[in-house]
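As C-alpha cells, the structure follows; a few thoughts come after it.
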Amino acid sequence: MSRVVLVTGGNRGIGRACVEAFLKNGDRVAFTYRSNPPSDLEGENVLALQADVNDPQSVENAFAKVEEQFGNVEVLVANAGINKDTLLMRMSEDEWDDVLDTNLKAAWRVAKRASRNMTKARSGRMVFMSSVVGYFGSPGQTNYASSKAGLIGLARSITRELGPRGITANVVAPGPVATDMLTALGDQGAARLTDLVPIGRAASPEEVAAAVTFLASPEASYISGVVLPVDGGMAMGH
Ligand code: NDP
C-alpha cells in the first residue's frame, strides 16, 4: 500500500516525525517547509514543498506540485502551528490573529483543498494536530487553546459532511512534546507542563507520529471525529 501523504510543517518537530513514519510505511510523502528544507529528507518518495500555509496561493501551488509529481493527496496531516503566548489582558489583536490564522484557518484551508479530490475519489484521511490545551485550557494561551479547540469542531463537521464520501477526519491532541516549541518555554516552563503529566515526561515526536499514522491506516477505517490524546494521561477526564 503506497498512498500520497501531505504533511504541513514537515521540516521539523512532530511534522517531521510524521513524514518519517509515513515513509517507513512505504507511502509517498510530500511536506511543506517555510524557509529551510531539511537536507537529510530526500529521495524518490519524498517531496519538499516551500509553502506558507497562511498564503492561499502558496497552498494552491503546493497542492498542484504534489498532484503533478505524486498524484492526488490521499492523506492530509494539518500539523503546522505556532504559539504566541501571553496573558489575556496583554494579548494584542495581532497575537490572536496570527495564531488563529496559522493553527485554525490554515488547517481549514488545506482541508478544503484536499477535500476536492478526496470527494471525487470517495476516500481520504485527514488528521489535525490539536493539543490537550484545546479542552484542558492553559493560562497565557487563550489564542492557542481557542485555535486548538476549533480544530475539534472542524474535524467533527468534516466527519459529518464528508463521512458519506469515505473521508475520515480525526484530531490528535498531544500534551508536551520534545520539540523546539517546548524548548522555547525554557526549562522552568517545560517542567511546569511535564509536572502535570502522570507519565512524568514529554512525549517524543515519534510517539505522536504513531497516533497520526494509526488514524491514517486501514485499521482506523471506522474511526472518525475522534480526539485522540497523546498526553501521558495529562488531561484524562477532560
Ligand atoms: P515546531 O515549532 O517544532 O514546528 C512547527 C512547524 O510548523 C514547523 O515546521 C514550522 O515551519 C511550521 N509552520 C509554522 N507556521 C507556518 C506557516 N505559516 N506556514 C507553514 N508552516 C508553518 O512545533 P511542533 O513540532 O512542536 O508542533 C507541531 C504541531 O503540534 C503544532 O500544530 C503544535 O501546535 C502542535 N503541538 C505541539 C506540542 C508540543 O509540545 N511541542 C503540544 C501539542 C501540540 P518553519 O520551520 O518554517 O517555522
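The values are calculated or read from the model by the stated rules, or taken from the named source; none is laboratory data. Just so we're clear, the structure is a prediction, and the values are computed from it rather than from any experiment. We place every Cβ from the backbone using ideal geometry, glycine too, and count neighbours over all the protein chains shown. Accessible surface areas use protein heavy atoms only, side chains included; no ligands, DNA or RNA. Shrake-Rupley method; radii C 1.70, N 1.55, O 1.52, S 1.80 Å.
In angstrom, the C-alpha Rg and Dmax of region 1-57 are 10.7, 32. Probing with 1.4 Å while keeping every protein chain in the model, the per residue accessible area of the chain equals 48 Å². Check the straight Cα-Cα distances from residue 120 and name the lysines below 28 Å, setting aside those fewer than 8 residues away within the same chain. Here the lysines satisfying the reach criterion relative to residue 120 are 24, 65, 105, 112.
With no solvent and one equal point scatterer per Cα, compute the Debye intensity ratio I(q)/I(0) for region 132-238 at 0.13, 0.17 Å⁻¹ and report its log10, rounded to two decimals. Taken in order of the listed q values, log10 I(q)/I(0) reads -0.52, -0.84.
Within 12 Å, Cβ to Cβ, of residue 3, how many net charges do the neighbouring residues add up to if Lys/Arg are +1 and Asp/Glu are -1? Don't skip to the end; give the middle numbers.
Values: positive: 28, 125; negative: 27, 74.
Counting the neighbours of residue 3, the net charge comes to 0.
In this structure the amide hydrogen of residue 170, modeled in the peptide plane, comes within under 5 Å of the amide hydrogens of 126, 127, 128, 225, none closer than 5 places in sequence on its chain. If you run the Gaussian network model on the chain, springs between alpha carbon atoms under 10 Å, then out of 76, 196, 104 the most flexible one is 196. Ordering 166, 110, 149 by the projection of their Cα atoms onto the charge dipole of the chain, which places +1 on the Cβ of Lys and Arg and -1 on the Cβ of Asp and Glu, puts 166 at the extreme positive end.
Give me the percent of the accessible area of the chain that comes from carbon and sulfur atoms, probe 1.4 Å, all protein chains in place. Provide the component values of the computation, followed by the final result.
Details: 5760 of 11520 Å².
Of all accessible area on the chain, carbon and sulfur atoms account for 50 percent.
List every DSSP H helix in the chain whose Cα atoms extend 15 Å or more along the helix's own long axis and whose mean Kyte-Doolittle hydropathy is at least -0.5. Present the calculation step by step, with values, prior to reporting the outcome.
On the way: long enough: 13-24 (17 Å, 0.72); 56-69 (20 Å, -0.89); 106-121 (23 Å, -0.76); 142-162 (29 Å, 0.00); 205-215 (16 Å, 1.01).
The qualifying helices are 13-24, 142-162, 205-215.
Highest GNM mean-square fluctuation among 43, 124, 153, for the chain modelled with Cα contacts below 10 Å: 43.
With a cut-off of at most 16 other beta carbons within 10 Å, and DSSP calling the residue loop, which trypsin sites (Lys or Arg not before Pro) in region 163-232 qualify? Please list them. All intermediate terms of the calculation are to be shown ahead of the outcome.
Numbers: sites: 165, 192, 201; in loops: 201.
Those that pass, being in a loop and sparsely packed, are 201.
Can you work out the FRET efficiency for the pair residue 221 and residue 90, with r the C-beta to C-beta distance and R0 = 41 Å, to the nearest 0.05?
Details: r = 46 Å, r/R0 = 1.12.
For residue 221 and residue 90, the calculated efficiency is 0.35.
Given contacts defined as C-alpha pairs under 8 Å and at least six residues apart, what's the relative contact order of the chain, whole-number percent? Write down the numbers at each step before the final one.
Numbers: 465 pairs, mean separation 45.6, N = 238.
Reported as a whole number, the value is 19 percent.
Once all protein chains are placed together, residue 97 keeps about 60 Å² accessible to a 1.4 angstrom probe. Between 126, 89, 181, the Gaussian network model of the chain with springs among Cα atoms under 10 angstrom shows the greatest mean-square fluctuation at 89. Between region 155-224 and region 61-99, what is the separation of their alpha carbon centroids in Å? So the separation of the two Cα centres works out to 15 Å.
Over the chain, what number does the Rg to Rh ratio reach, with both radii from the alpha-carbon atoms and Rh per Kirkwood?
Working: Rg = 16.8 Å, Rh = 17.7 Å.
Ratio of gyration radius to Kirkwood radius: 0.95.
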